[in-house]
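Some notes on the structure that comes next.
The values are calculated or read from the model by the stated rules, or taken from the named source; none is laboratory data. Since the structure is predicted, the reported quantities are computational estimates derived from the model, not experimental observations. Here the Cβ positions follow ideal geometry from the backbone for every residue, glycine too, while neighbour counts run over all protein chains shown. When the accessible area is computed, the model is the full protein with side chains, heavy atoms only, and any ligands, DNA or RNA have been set aside. Shrake-Rupley method; radii C 1.70, N 1.55, O 1.52, S 1.80 Å.
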Amino acid sequence: MKRLLRGGRVVDPVNGRDGLFDVLIDGDRIARVGRDLPVESGTLVVDLPPGLIVCPGLIDMHVHLREPGQEHKETVATGTAAAVVGGFTAVACMPNTSPVNDNAGVTEFILKKAADANLARVYPIGAVSRGQQGEQLADIAELKQAGCVAITDDGHCVQNHELMRRALEYANMFDLPVMDHCQDYSLVTDGVMHEGYWSTALGLRGWPAAGEELIVARNILLAETTGARIHCQHLSAAGSVRLLREAKNRGVPISGEACPHHFTLTDAAVAGGEKFWPADGAGIFGFDSHSEPPQWAAYDANFKMNPPLRSVADREAILEGLADGTIEILCSDHAPHCDYEKEVEFDYAPFGITGLETELALSLMQLYHAKRLNLAKLLGKYTIAPARLLGLSQGTLNVGADADITIIDPDREWTFGATASASKSRNSPFYGWRLKGKSVATIVGGKKVWTEEAEAAAVGT
Ligand SMILES: [Zn+2]
């Protein structure tokens, strides 16, 4: 069947296309993109309201789907349901499941669950070390053969530099990128929030920025030593951005990603809404003149993640790194946890927040609406950049490409409510936030897997 999307503003970063175009989908492929395409008989014409963006399907390359082993937090089915609501046609899932994705059996299990759910595409990421113990390399060739698109010990960080070097050398032979959650254990010890004024004021143990920067520096040195690519995950600290910028200028094969919570919130948020808004709330698009910003209590564990929320200077540095291209990828680090796990003292709560359904809005607010990046540059960080890093064929609207498409209303204002989330978990710091920008339809392989209207009809609104 052929379907013609008409009247949308097509933004296809890799082709430098940004304007009013029609997109013709034939079956599961993009057939044509052009102005005023002729309507052949039998073609279903979809006239889009003005102002909507049609772009390649968004890819979130840092997601925890929790299956196998922690299905009480999330499953491949619920995680990909949250993904398509958020506008994501593909996600890459981290290996810190139970058992760990360090062998073909687990990789194949995840792919089977993804095929059953039949929503977003799922790209498993394998572990660097067996059981993510940081001692012995996982069987990297086996992981690649089973369908893993990269390796990382995310959730953990490889502390042994020699093991990391070997991982890079092996992965390079199989053309697999190595990614790293950058955290020096000896320096961070049992820190639970950014080490600074607020950790002292709140009496919580600090997680110093240098704990991340040390491993970013280590990774730069190893990328230079081996010539293999390393991708630094969820960067949070100004020093990491500075190191990355300098290394990239010298041509070192290194890259980085950032998550919206790190460039929206700061460590003051752990002291509660009352402290956050007057201290660091200014600078978040849409909230400067807001009469009643959302509120939350101090020590709310939905503001606890790893790496932690950092200072205003760090937040600014991440935004600058995104604006100047030092950080080329946006992602959520979607990390679901149950209420009962989070509803404990801050020290004891697990790290992590959900993010698939809010990341697009927060990125649009802080980067596009705040005039730091144009739409093509922003959407490139969610499409072609992750596709290139992981070696995926998606991320474009090229003729013949998979018809993975996200339709976005960049100006839509909406409030994120806990009851509306498709994720199995509710650990988001952004409930009650007035957000700007929203996906309205998600198409995977030519098939509408989610639309706002269909959802509204289903719940009777
Ligand atoms: Zn991580």
Open item on the list: I need to check one value: relative contact order of region 358-397, counting alpha carbon pairs closer than 8 Å and at least 6 residues apart, in percent.
Closed with: 24
- [ ] Compute the signed sum of charges (Lys and Arg +1, Asp and Glu -1) over the other residues within less than 10 Å, Cβ to Cβ, of Asp139.
- [x] 0
TODO: Compare the Cα positions of His72, Leu137, Gly42 along the charge dipole of the chain (+1 at Cβ of Lys, Arg; -1 at Cβ of Asp, Glu; about the Cα centre) and return the one farthest towards the positive end.
DONE: Gly42
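I need the Kirkwood Rh of region 358-417: take the reciprocal of the average 1/r across all distinct C-alpha pairs and report it in angstrom. Mind showing how you got there, number by number?
On the way: mean 1/r = 0.0776 Å⁻¹.
Hydrodynamic radius (Kirkwood, Cα only) of region 358-417 equals 12.9 Å.
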- [ ] Excluding residues on the same chain fewer than 8 positions from Lys436, give the aspartates and glutamates whose Cα lies under 17 Å from its Cα.
- [x] Asp288, Glu292, Glu357, Glu359, Asp409, Asp411, Glu413, Glu452
Task: Charge context of Arg205, other residues only, Cβ under 9 angstrom, K/R +1, D/E -1 - done: -3
TODO: Give the Rg (one decimal place) followed by the Dmax (whole number) of region 316-422, computed from C-alpha coordinates and expressed in Å.
DONE: 16.4, 53
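Place a +1 charge on the Cβ of each Lys and Arg in region 172-324 and a -1 charge on the Cβ of each Asp and Glu, then give the dipole magnitude about the Cα centre in debye, rounded to the nearest 20.
Details: 11 positive and 20 negative charges, 57 e Å.
About 280 debye.
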Task: Relative contact order (percent, whole number), region 184-229, Cα cutoff 8 Å, 6+ residue spacing - done: 34
Open item on the list: List the chymotrypsin sites (Phe, Trp or Tyr not before Pro) within region 365-461 that DSSP assigns to loop and that have no more than 10 neighbouring Cβ atoms inside 10 Å.
Closed with: none
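Order Thr43, Thr406, most accessible first, counting only protein heavy atoms with a 1.4 angstrom probe.
Numbers: Thr43 25, Thr406 0 Å².
Reading off the accessible areas and sorting them downward yields Thr43, Thr406.
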- [ ] Compute the Rg to Rh ratio over the chain from the alpha carbon atoms, using the Kirkwood formula for Rh, and round to two decimal places.
- [x] 0.95
TODO: Return the calculated 222 nm mean residue ellipticity for the chain, to the nearest 500 deg cm²/dmol, obtained by summing -39500 (n - 2.57) across DSSP H runs with n ≥ 4 and dividing by the residue count.
DONE: -8000 deg cm²/dmol
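Can you put Tyr123, Tyr170 in order of accessible area, largest first, using a 1.4 Å probe?
Values: Tyr123 40, Tyr170 105 Å².
Largest accessible area first, the list is Tyr170, Tyr123.
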Open item on the list: Placing +1 on the Cβ of each Lys and Arg and -1 on the Cβ of each Asp and Glu in the chain, which of Ile125, Asn306, Ile353 has its Cα farthest towards the positive end of the resulting dipole?
Closed with: Ile125
Open item on the list: Show me the three semi-axes of the equivalent ellipsoid for region 309-361, from the C-alpha gyration tensor (sqrt of 5 times each eigenvalue), largest first, rounded to whole Å.
Closed with: 27, 15, 8
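Under a Cβ-only charge scheme (Lys and Arg +1, Asp and Glu -1), can you give me the dipole magnitude of the chain about the Cα centre, in debye to the nearest 20?
Details: 42 positive and 59 negative charges, 211 e Å.
With only Lys, Arg, Asp and Glu charged at Cβ, the dipole is about 1020 debye.
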Open item on the list: Charges at C-beta only: +1 for Lys and Arg, -1 for Asp and Glu. How large is the resulting dipole of region 1-132 about its Cα centre, in Debye rounded to 20?
Closed with: 80
Task: Anisotropy class of region 259-322 from Cα gyration tensor, a/c 1.5 cut - done: oblate
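What accessible area per residue, rounded to a whole number of Å², is obtained for the chain using a probe radius of 1.4 Å? Walk me through the numbers before you get to the answer.
Numbers: 17020 Å² over 461 residues.
Normalised by residue count, the accessible surface of the chain is 37 Å².
Can you give the translational diffusion coefficient of region 380-456 in µm²/s, computed by Stokes-Einstein from the Kirkwood radius over Cα pairs at 10 °C and 1.306 mPa s? Display every interim value, and only then the final one.
Details: Rh = 14.5 Å.
Once the numbers are plugged in, D ends up at 109 µm²/s.
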Open item on the list: Order Lys144, Lys73, Lys377 by their accessible area, 1.4 angstrom probe, all chains in place, largest first.
Closed with: Lys377, Lys144, Lys73
Open item on the list: Taking only the Cα atoms of region 69-168, how large is their convex hull per residue, in Å³?
Closed with: 93
Task: Pairs beyond 30 Å (Cα-Cα), from Lys377/Lys424; Lys248/Lys275; Lys371/Lys424; Lys73/Lys248; Lys377/Lys447 - done: Lys377/Lys424; Lys248/Lys275; Lys371/Lys424; Lys73/Lys248
